[in-house]
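The values are calculated or read from the model by the stated rules, or taken from the named source; none is laboratory data. As the structure is a prediction and not an experimental result, all values here were calculated from the model. FYI the Cβ positions are ideal-geometry reconstructions off the backbone, even for glycines, and counts take in every protein chain you see. Note: areas computed on protein heavy atoms with side chains; ligands, DNA, RNA excluded. Shrake-Rupley method; radii C 1.70, N 1.55, O 1.52, S 1.80 Å.
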Amino acid sequence: MEEYAREPCPYRIVDDCGGAFAMGAIGGGIFSLVKGWRNSPVGHRFYGSLAAVKTRSPVLGGNFAVWGGLFSTFDCCLMGLRGKEDPWNSIGSGAITGAVLAARGGPSAALRSAAIGAVLLALIEGVGICITRMTADQFKQVMPQPPDPMQLPPKPINPSPQPLSTPEFEQQPQFH
C-alpha cells in the first residue's frame, strides 16, 4: 500500500501536525468567511468576513493540529508496539485520540469519542482499501493470448515452390 510508505515516525508527527494545521486553517478560513459574510450588516460584510477569518481560522487550524499531532503520535506508538504498519494502527489511533481529547468530560464521554474515532477511521481505511483494490485491476499485467488457430485464415496451397532467383537479381553483377 502506497499510503504506508511514508516518512519515519518522528518526522511524520511534525509533518502530519503541520498538514492538519494547514487543512484546518484553510477550511476554517473558508467557513469563517461565509459565516462572517452572513452575520455582518449589509454595509460591512467584507470587513466582517475578514475579521471572522482572522479570529476563527487560526483557532480551527490549531484544533486540527492538536488532533493530527496526537493521532500521528499514537499511530507511531502503536506501530512501534505491534511491529506492523497496517490499517489497525490507524483505527486504534483514532480511538485513542478521541478518548484523550474527550477525557476532560469524564469516562463516558471519552468512551463515546473513542468509539466515534474508531468508527470514522475504520470507514476511512475501509474506503481506501476498497478504492485500492478496485483500481489495482487496471494495472495488472495481462499475458497476451495467442490467436486461436481455428480463427486464422487457411494457408495457401502452393504445389510448386518459387525459385529463389528473380530477374532483378540475375542482372546484378557478380564478383567471383
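Here are some notes:
- The listed residues are ARG6, ARG12, ARG45, ARG38, and the only one of them that is basic (Lys, Arg), outside the structural domain of ILE129 (by the TED database) and in contact (Cβ under 8 Å) with a residue 24 or more places away in the chain turns out to be ARG12.
- The residue that is farthest from the chain's Cα centre (by Cα), among those in segment 106-141 that are modelled with pLDDT under 90 and in a loop (DSSP other than H, G, I, E, B), is GLN141.
- Output for segment 77-99, where each listed residue is open to solvent by 50 Å² or more (accessible area, probe 1.4 Å), part of a helix (DSSP H, G or I) and either in contact with a helix residue (DSSP H, G or I) (Cβ under 6 Å, 6 or more places away or on another chain) or touching a residue at least 40 places away in the same chain (Cβ under 8 Å) (or both): GLY80, ILE96
- The residue of segment 1-35 that is modelled with the lowest pLDDT, among those that are under 17 Å from the mean Cα position of the chain (by Cα) and in a loop (DSSP other than H, G, I, E, B), is MET1.
- Residue in segment 60-76 that is in a loop (DSSP other than H, G, I, E, B), open to solvent by 70 Å² or more (accessible area, probe 1.4 Å) and not polar (S, T, N, Q) present: no
- Residues of segment 142-169 that are open to solvent by 100 Å² or more (accessible area, probe 1.4 Å), hydrophobic (A, V, I, L, M, F, W, C) and at pLDDT 65 or above: VAL142, MET143, MET150, ILE157.
- In segment 100-148, the residues that are in contact (Cβ under 8 Å) with a residue 40 or more places away in the chain and polar (S, T, N, Q): THR132
- Condition met for ARG56 (among the basic types (Lys, Arg), exposed (fewer than 12 other Cβ atoms within 10 Å of the Cβ) and out of contact with any Leu (no Cβ under 8 Å at 6 or more places or on another chain)): no
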